[in-house]
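Presented below is the structure to which this report refers.
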């Protein structure tokens, strides 16, 4: 463990705290070091005036909860295409590049399946989903590398693991943190000139019996909830799917001679009820086609962001999307059917599975997913470019779609 930075050293003029040590912390540290390296001598000068401290309540820094092998199980896979996962905004396919360059050493982490058809888009390099543990290895390697490179630039880097920040106080222009260490002792840390809150998951202020605020750690969820238990899951989006995977993993899949895949329950299966405001579950990922967008493009959306300078409206974004999909499908889009399809959730899920398998485009792809995947690198930037009222409206009306 590194020694505490010497806060009395007047040569260190800017001290920065990162609260949380997962994906967001890794991304910030990597991009900071990348930028300083790009600046060469000037970057080294700036680096020598920086002290960065990362405080993480778990034992390992880098992977965070959803990608740490200690907290996930082998069948938990990433919910985005590998080519769209990165810690560097300038290299949106950084994760896929890293996997491709390290395949031999990572082969033991690739998901093994007894079924030949375990991946829908088999051989489709446009959208590959890897085990979450693999993403965790990527994050850990990027974090460790950034620390080494940062120190070479003169940055004072300290990592505090198994240490949870419970309070932050401002005194004048400086910040002070209160943290609880592994043995339960409180410690004041600081001063800092700035801080990034990068905790990721919501942390409950108190524990409640039989209540779990997160699907992670998955093994804890599976052992704490007994076989045969009735489980209520608040929400029906991706975290709910992860929970369902964990709690039904003691059953087995079998493929019949006909090719049909069947699931055999365990002797004492848990029963799950998902509570959803809209009665919807996430759409199943289909094949991504080769069609390129003409209207709903990153270039046009960036132009929109620049032109409106943080005051983009949902209507302006929607108009481009509607125009793109109308051309792609050759007709008017029934948005009422899209936003409120109606029908029992299990029927909607079955329909989504069927569409993913068959596709709705000439290449067997899902056209609307092919359209949307092309602007994934810009989604966060686009959201932040909305006005505050438009962001609230999006969160309230559309975030669950």
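The values are calculated or read from the model by the stated rules, or taken from the named source; none is laboratory data. Since we're looking at a predicted model, the values are computed, not measured. Here the Cβ positions follow ideal geometry from the backbone for every residue, glycine too, while neighbour counts run over all protein chains shown.
Of all residues in region 383-394 being surrounded by 12 or more Cβ atoms within 10 Å (Cβ to Cβ) and over 17 Å from the mean Cα position of the chain (by Cα), which is nearest to residue 288 (Cα to Cα)?
394
Could you list, in sequence order, the residues of region 47-76 that are in contact with a helix residue (DSSP H, G or I) (Cβ under 6 Å, 6 or more places away or on another chain) and over 17 Å from residue 216 (Cα atoms)?
If the condition is that a residue be in contact with a helix residue (DSSP H, G or I) (Cβ under 6 Å, 6 or more places away or on another chain) and over 17 Å from residue 216 (Cα atoms), then 47, 54 are the ones that fit.
Select, from 126, 96, the only residue that is at pLDDT 90 or above and over 20 Å from residue 199 (Cβ atoms).
The match here is 96.
Can you give me the ranges of the strands (runs of 3 or more DSSP E) entirely in region 172-225 with at least 2 residues that are over 30 Å from residue 16 (Cβ atoms)?
Filter on region 172-225 gives an empty set.
So, in region 87-111, of the ones that are within 18 Å of the chain's Cα centre (by Cα) and not in a helix (DSSP H, G or I), which residue ends up nearest to residue 127 (Cα to Cα)?
So, considering only residues that are within 18 Å of the chain's Cα centre (by Cα) and not in a helix (DSSP H, G or I), the one nearest to residue 127 (Cα to Cα) is 93.
Please state which one of 321, 292, 349 is modelled with pLDDT of 95 or more and surrounded by 15 or more Cβ atoms within 10 Å (Cβ to Cβ).
Only one candidate qualifies: 321.
One residue is enough: does region 264-275 have a residue meeting the conditions surrounded by fewer than 15 Cβ atoms within 10 Å (Cβ to Cβ), farther than 22 Å from residue 346 by Cβ and not assigned by TED's automatic domain parsing to the domain that holds residue 370?
Yes; the residues of region 264-275 include at least one that is surrounded by fewer than 15 Cβ atoms within 10 Å (Cβ to Cβ), farther than 22 Å from residue 346 by Cβ and not assigned by TED's automatic domain parsing to the domain that holds residue 370.
So, in region 46-86, how many residues would count as being outside any loop (DSSP other than H, G, I, E, B) and over 18 Å from residue 288 (Cβ atoms)? Talk me through it step by step, then tell me what you get.
First, pick out the residues of region 46-86 that are outside any loop (DSSP other than H, G, I, E, B): 46-47, 50-55, 77, 82-84.
Next, only the ones that are over 18 Å from residue 288 (Cβ atoms) stay: 46-47, 50-55.
Of the residues in region 46-86, 8 are outside any loop (DSSP other than H, G, I, E, B) and over 18 Å from residue 288 (Cβ atoms).
For every residue, the table says whether it meets (1) part of a loop (DSSP other than H, G, I, E, B); (2) within 29 Å of residue 89 (Cβ to Cβ).
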{"residue": "279", "(1), (2)": "yes, no"}
{"residue": "310", "(1), (2)": "yes, yes"}
{"residue": "317", "(1), (2)": "no, yes"}
{"residue": "347", "(1), (2)": "no, no"}
{"residue": "354", "(1), (2)": "no, no"}
{"residue": "357", "(1), (2)": "no, no"}
{"residue": "362", "(1), (2)": "yes, no"}
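Sort through 338, 379, 371 and tell me the only one that's in contact with a helix residue (DSSP H, G or I) (Cβ under 6 Å, 6 or more places away or on another chain) and assigned to a helix (DSSP H, G or I).
Being in contact with a helix residue (DSSP H, G or I) (Cβ under 6 Å, 6 or more places away or on another chain) and assigned to a helix (DSSP H, G or I) holds for just one of 338, 379, 371, which is 371.
Residue check: is residue 259 exposed (fewer than 15 other Cβ atoms within 10 Å of the Cβ), in the same structural domain as residue 364 (by TED's automatic domain parsing) and either out of contact with any strand residue (DSSP E or B) (no Cβ under 7 Å at 6 or more places or on another chain) or touching a residue at least 60 places away in the same chain (Cβ under 8 Å) (or both)?
So residue 259 does not fit the description; no.
Does residue 299 qualify as being under 21 Å from the mean Cα position of the chain (by Cα) and assigned to a helix (DSSP H, G or I)?
no
Given the structure, is residue 27 modelled with pLDDT under 90 and either more than 18 Å from residue 163 (Cα to Cα) or assigned to a helix (DSSP H, G or I) (or both)?
Taking the combined requirement at face value, the residue does not satisfy it.
Scanning region 22-36 for residues that are buried (at least 19 other Cβ atoms within 10 Å of the Cβ) and more than 8 Å from residue 143 (Cβ to Cβ), which turns out nearest to the chain's Cα centre (by Cα)?
Only one residue tops the list, namely 23.
Could you tell me which residue of region 197-211 is farthest from residue 15 (Cα to Cα), considering only residues that are surrounded by 15 or more Cβ atoms within 10 Å (Cβ to Cβ) and out of contact with any helix residue (DSSP H, G or I) (no Cβ under 6 Å at 6 or more places or on another chain)?
So in region 197-211, the residues surrounded by 15 or more Cβ atoms within 10 Å (Cβ to Cβ) come out as 198-201.
Checking the rest, the ones that are also out of contact with any helix residue (DSSP H, G or I) (no Cβ under 6 Å at 6 or more places or on another chain) come to 199-201.
Details: 199: 19, 200: 22, 201: 25 Å.
The qualifying residue farthest from residue 15 (Cα to Cα) is 201.
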